[in-house]
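The values are calculated or read from the model by the stated rules, or taken from the named source; none is laboratory data. Here the structure is a predicted model, which is why all the values come from computation and not from measurement. Because the Cβ atoms are built from the backbone with ideal geometry, glycine has one as well, and the counts that use them run over all protein chains shown.
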Amino acid sequence: MKVLLLHGVNLNMFGKRDPKQYGTATLDEINSRMQALGTELGAEVIAFQTNSEGEMVDRIHEAFAEGVDAVVINPGAWTHYSYAIRDALEILTVPIIEVHMSDIHAREPWRRVSVIKDVAKEQIAGFGVDSYLRGLRAGVAAAKPAK
């Protein structure tokens, strides 16, 4: 099973950016924890981060062609306005799990809006790095065929 882990704009700055909201874990630490959990769950986790919206859309298109089994995405600020990323995700026929380190529903009003939410199977927010781990568990569970 392959799970694509997508990190959006500015998330390469985890560990440096607003530790009160996002904690002190770096993106590399998050990716390592996700890959370790993926191994436990029998899933290969492929991580990708970009600050370019077009590159994110291209990577989602590649995921369609590659036949990934699930996507875990933290779109960062694109959560609130990127219809391009939303439309690209909508092309996929696999479970999409939207994750956020902070509780976007308890922050500024504009952060409470997610244009991604309607194409995601689930949205997990407010648990720090655990949001990612919960997201991976949800994605793997949703991608497994029912027995």
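Does E98 meet the test of being charged (D, E, K, R), crowded, with 22+ Cβ neighbours inside 10 Å and either at pLDDT below 95 or within 22 Å of D130 (Cα to Cα) (or both)? It is true that E98 is charged (D, E, K, R), crowded, with 22+ Cβ neighbours inside 10 Å and either at pLDDT below 95 or within 22 Å of D130 (Cα to Cα) (or both). The residues listed here are K16, K20; of these, the one that is outside any loop (DSSP other than H, G, I, E, B) and modelled with pLDDT under 95 is K20. Considering only residues of region 23-48 that are within 15 Å of the chain's Cα centre (by Cα) and among the small types (G, A, S), which is surrounded by the most Cβ atoms within 10 Å (Cβ to Cβ)? For region 23-48, the residue satisfying everything is G38.
Selection of region 71-88 for residues being more than 11 Å from the chain's Cα centre (by Cα) and either buried (at least 20 other Cβ atoms within 10 Å of the Cβ) or in a helix (DSSP H, G or I) (or both) yields A77, W78, H80, S82, Y83, A84, I85, R86, D87, A88.
Of all residues in region 96-147, count the ones that are in a helix (DSSP H, G or I) and touching a Gly at 6+ places or on another chain (Cβ under 9 Å). Full working, then the answer.
First pass over region 96-147, keeping only residues in a helix (DSSP H, G or I): 104-106, 109-112, 117-119, 129-143.
Next, from what is left, pick out any that are touching a Gly at 6+ places or on another chain (Cβ under 9 Å): 104-106, 129, 136, 140.
Counting residues in region 96-147 that are in a helix (DSSP H, G or I) and touching a Gly at 6+ places or on another chain (Cβ under 9 Å) gives 6.
Just to verify a result, which residue in region 97-119, among those that are within 16 Å of L4 (Cβ to Cβ) and in contact (Cβ under 8 Å) with a residue 40 or more places away in the chain, is farthest from the chain's Cα centre (by Cα)?
Step one: filter region 97-119 for residues within 16 Å of L4 (Cβ to Cβ), giving 97-99, 116, 119.
With the extra rule that they be in contact (Cβ under 8 Å) with a residue 40 or more places away in the chain, the set shrinks to 97, 116.
On the way: I97: 6, I116: 11 Å.
Top of the filtered list is I116.
Quick check on my filter: what residues within region 49-65 are outside any helix (DSSP H, G or I) and crowded, with 16+ Cβ neighbours inside 10 Å? Give the steps one after another, and end with the answer.
Of the residues in region 49-65, the ones outside any helix (DSSP H, G or I) are 49-52.
Q49, T50 - these are the residues of region 49-65 that are outside any helix (DSSP H, G or I) and crowded, with 16+ Cβ neighbours inside 10 Å.
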